[in-house]
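**Student:** Following this message is one structure expressed as structure tokens.
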Amino acid sequence: METEAGSALWPLLVFSLITIATVSGLLFLSSYLGPRKRDRSRDEPYESGAVPIGPARIRFNVQFYLIAMIFIVFDLETMFIVAWAVVFREAGWPGYLVIVIFIAVLVAMLVYLARTGALTILRRRDS
């Protein structure tokens, strides 16, 4: 007699076994089909056999990271707005009110970022 929980776990078990078999097979094949020649350039991290040129550490401006973080924040907020648009009719007026408040907070944050100068890529140096 099979329970409902047991039948629900059957696909997960099959998927796990197929995944383990695939990973094991690929690791086994790579150990036999991969190159056996070891030299100094292959032991260097990140270059994988190519001769490294220049320093590994490059200094980026802090503004690069600020712009990247702002992009991620607004990208995630776009996903929330798209999800709301999908259920627009089912959400009704309460959903509309919530998204209006959400967009108002976004606009307030954008105004704050613009006023503090976080959106400017190049800053003038006062010398």
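No lab work stands behind these numbers, since they all come straight from the coordinates. Small disclaimer: the values here were computed from a predicted structure and weren't measured. No Cβ is skipped: glycine too gets one built from the backbone with ideal geometry, and neighbour counts run over all protein chains shown.
**Student:** How much of the calculated P(r) for the range 62-116 lies past 15 Å, in percent of all Cα pairs?
**Tutor:** Value for the range 62-116 (Cα pairs over 15 Å): 56 percent.
**Student:** Between residue 18 and residue 110, what is the label-point separation in nm under the 7 Å Cα-to-beta-carbon projection?
**Tutor:** Label-label distance for residue 110 and residue 18, simple model: 4.4 nm.
**Student:** Can you give me the Cα centroid spacing of the range 97-116 and the range 3-38 in angstrom?
**Tutor:** Taking the Cα centre of the range 3-38 as reference, the centre of the range 97-116 is 47 Å away.
**Student:** Could you run the Karplus curve 6.51 cos²θ - 1.76 cosθ + 1.60 with θ = phi - 60° over the range 83-94 and give me ³J(HN,Hα) per residue in whole Hz, x for Gly and Pro?
**Tutor:** 4, 5, 5, 5, 9, 4, 5, 6, 6, x, 5, x
**Student:** Please list 94-100, 55-61, 9-15 highest first by mean number of surrounding beta-carbon atoms within 10 Å per residue.
**Tutor:** 94-100, 9-15, 55-61
**Student:** At 0.692 mPa s and 37 °C, plugging the Kirkwood radius over alpha-carbon pairs of the range 4-43 into Stokes-Einstein gives what diffusion coefficient in µm²/s? Mind showing how you got there, number by number?
**Tutor:** Details: Rh = 12.9 Å.
So the translational diffusion coefficient is about 255 µm²/s.
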